[in-house]
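Have a look at the structure below before the remarks.
Read-outs throughout are calculated quantities, based only on the coordinates presented, and are distinct from any laboratory measurement. Being a predicted model, the structure only gives us computed values, none of them experimental. All Cβ positions, glycine included, derive from the backbone under ideal geometry; neighbour counts span all protein chains shown.
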Amino acid sequence: MSVRERLPGGSVLPAGRAEQALLVGGLCILVAAVFLLTPLSATIPGALYVFFEVGILFVIYGLLVLGLDLQYGHTGLVNFGHVVFFAVGAYAVAMLSAEGSFEGVALGYPWMFALVVGVVAAAVLGAVVGATSLRLRDDFLAIVTLATAEIFHTLFVNFRGVFGGNVGILGVPQPVADLAADSDTSLVATLLLFGGVTALTLGMLTRLTDAPYGRVLRAIRADELVTRSVGKSTFRYKMQAFVYGAALAGFAGGLFALYNGAVAPGFFTIQVTVTVWIGMLLGGASNHRAVLAGLAIIMGLRLVSRFALDVSPVAADAFASVRLIVVGLILVLVIRYRPAGIWGDERELGVES
């Protein structure tokens with residue numbers, strides 16, 4: 001196998017990056033299994049707990065941003081309702097696997113079955129939204145996906161007998177915590193396991209988008225009319241990309257529910273979509289590793305701001321607004337001076353700085 005490979009657009013990148021991600025993912029999962037299936041335990045200093053908690057949220061959101069990058073970065077589909085697929089996956093897992101929830105449906109099925117159903121439910125919703133919306137212009141697609149997210153959020157809040165209302169659904173099983181010896185080991189194993197899953201996903205998506213299939217997606221993003229004129233079924237490719245991204249978001253939602261032990265509407269607000277969009281644009285759309293790096297920057301800023309709040313002279317509510325302003329300014333500066341993102345390829349995306 002050659003050491004280097006040439007990609008569309010003339011860029012040359014090291015070969016084997018997909019294999020590297022798959023290897024890292026497999027090793028992380030193996031180490032997590034060692035912590036969960038042996039007497040080995042871990043101890044986390046109290047000051048580092050927040051880093052592990054944010055790290056777990058980062059790798060879960062990593063699945064979201066990878067799915068969104070497949071939809072927008074590679075295919076040009078503007079999805080402003082990505083959180084709805086995340087929420088549907090989480091609620092499906094919670095409703096099927098929870099036991100003894102104070103509110104909502106709790107059927108008590110095995111969590112593995114519930115996770116599969118959660119992914120399928122998100123994919124089916126993606127297929128329904130895609131079938132009815134992907135022939136629309138980008139701005140209409142953005143409005144439809146945003147409206148879908150708001151509709152489902154309203155359903156989750158108001159149908160208390162099914163979704164638990166604002167309380168949500170409690171009693172969701174936590175398989176990693178049940179296997180771990182203690183809470184510290186549970187956090188370490190969860191970060192390794194979910195991080196391994198995200199790395200495996202990165203490797204598989206890299207293989208997919210570096211293949212001829214990915215070149216068709218990028219051709220659709222660049223000029224759908226020309227792509228259709230050479231005999232490609234652009235609608236079919238767009239549907240596939242949209243459903244793949246929705247399924248990934250549903251998978252992320254299922255993992256979130258199994259980690260958190262509960263779901264509620266407050267976990268699935270528009271802020272989730274905004275976070276992954278900012279991370280993708282900041283890092284550079286159409287580059288899987290770059291969007292993960294951009295997401296890491298955004299979540300790192302949030303982590304740093306937690307410590308800054310302790311020494312800030314302003315109240316917590318005002319500080320939250322200042323934090324949003326800072327993130328917004330960073331995004332504006334990046335779009336102004338690096339419209340393709342920090343690590344994005346301007347020629348690939350067809351933008352000018």
**Request:** Measure off 7 Å from each Cα along the Cα-to-Cβ vector at R160 and A320, then give the distance between these two points in nanometres to one decimal.
**Result:** 2.3 nm
**Message:** Applying a 10 Å radius around every beta-carbon, put 184-196, 161-173 in order of their mean neighbour count, most first.
**Reply:** 184-196, 161-173
**Request:** Rounded to the nearest 0.05, what FRET efficiency do R215 and E53 give with R0 = 41 Å and r taken as the Cβ-Cβ distance? Could you check?
**Result:** 0.55
**Message:** So if each residue of separation counts as 0.36 nm, and I subtract the Cα-Cα distance between V230 and R289, what length gain in nm does that give?
**Reply:** 18.2 nm
**Request:** Assign one of three labels to the stretch 257-333, namely rounded, prolate or oblate, based on the Cα gyration tensor with a ≥ b ≥ c the square roots of its eigenvalues; rounded applies when a/c is under 1.5, prolate when it is not and a/b is larger than b/c, and oblate otherwise.
**Result:** oblate
**Prompt:** For a paramagnetic label modelled at 7 Å from the Cα of R347 toward its Cβ, which residues of the stretch 51-85 fall within the zone defined by backbone nitrogen distances under 19 Å?
**Reply:** 74
**Asked** Which of the chymotrypsin sites (Phe, Trp or Tyr not before Pro) found in the stretch 80-112 are in a DSSP loop and have at most 13 neighbouring Cβ atoms, other than their own, within 10 Å?
**Response** F102
**Fill in**
For the chain, longest principal axis from Cα atoms; helix 138-158 axis from its Cα atoms; angle between them, nearest 10 degrees, is 10 degrees
**Message:** What percentages make up the Cα-Cα pair-distance distribution of the stretch 4-267 when the bins are 5 Å wide from 0?
**Reply:** 1, 6, 12, 15, 16, 15, 13, 10, 6, 4, 1, 0, 0
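Hey, with R₀ at 45 Å, roughly what FRET efficiency would I151 and D182 work out to, going by the Cβ-Cβ distance, to 0.05?
Once the sixth-power term is evaluated, E becomes 0.60.
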**Fill in**
In degrees, nearest 10, the alpha-carbon axis of helix 288-311 is tilted away from the dominant principal axis of the alpha carbons of the chain by 40 degrees
**Prompt:** To the nearest 10 degrees, how steep is helix 49-68 against the longest Cα principal axis of the chain, on a 0 to 90 scale?
**Reply:** 40 degrees
**Request:** Using just the helices of the chain, give the 222 nm mean residue ellipticity in deg cm²/dmol: DSSP H runs with n ≥ 4 each add -39,500 (n - 2.57), and the total is spread over all residues, rounded to 500.
**Result:** -23000 deg cm²/dmol
**Net dipole in debye of the stretch 4-267 [+1 Lys, Arg Cβ; -1 Asp, Glu Cβ; about Cα centre; nearest 20]** = 1120 debye
